[in-house]
Amino acid sequence: MASSSNSTIASQSNAALPLIPCPLCGSRVLTDVSKGGTRPGTRYYKCDFFSTGQCSFFSWNELYARLMEGNGGQAAGAVAGDVRVAPPAVPQFPRPQQQPDLARANLLLSVTNMMVTFIVLGVLIAILLGHGPQ
């Protein structure tokens, strides 16, 4: 019953629905009302990273209501004027492993090489001075 009432509310009203984390990347979901285009005045929902191209989640109000039903209606968020923002969620995908810092490794190798060179030069100078003419 609750799920059919959500659909009815979404289709009859342009009121903001509760926000869930982005179903694609787990980030925040933003909502606003379209000001132009093919559906002016229609509420839409999009991932915080949609504008940068890092995530492709975008949904009009009706489809978002169906997505909410599939999520058990669980949502969280804060209202800020007409734009609602969901809190960031823990990403659902594993993060790539960090590459070793090659610049630090290169610097360490250079310093070690210079120290070995000074030690070898010191030993050579000591040998030459110790075995020089008396």
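Taking first residues from the range 14-29 that are without any contact (Cβ under 8 Å) to a residue 24 or more places away in the chain and partners that are in a loop (DSSP other than H, G, I, E, B), no Cβ contact under 7 Å between residues at least 6 apart in sequence or on separate chains turns up. So for the range 120-133 (the condition being at pLDDT 85 or above, surrounded by fewer than 10 Cβ atoms within 10 Å (Cβ to Cβ) and not acidic (Asp, Glu)), does at least one residue qualify? Checked against the condition, which is being at pLDDT 85 or above, surrounded by fewer than 10 Cβ atoms within 10 Å (Cβ to Cβ) and not acidic (Asp, Glu), the range 120-133 yields at least one hit.
The values are calculated or read from the model by the stated rules, or taken from the named source; none is laboratory data. It should be emphasised that the depicted structure is a prediction, and the values quoted were computed from it without experimental measurement. Because the Cβ atoms are built from the backbone with ideal geometry, glycine has one as well, and the counts that use them run over all protein chains shown.
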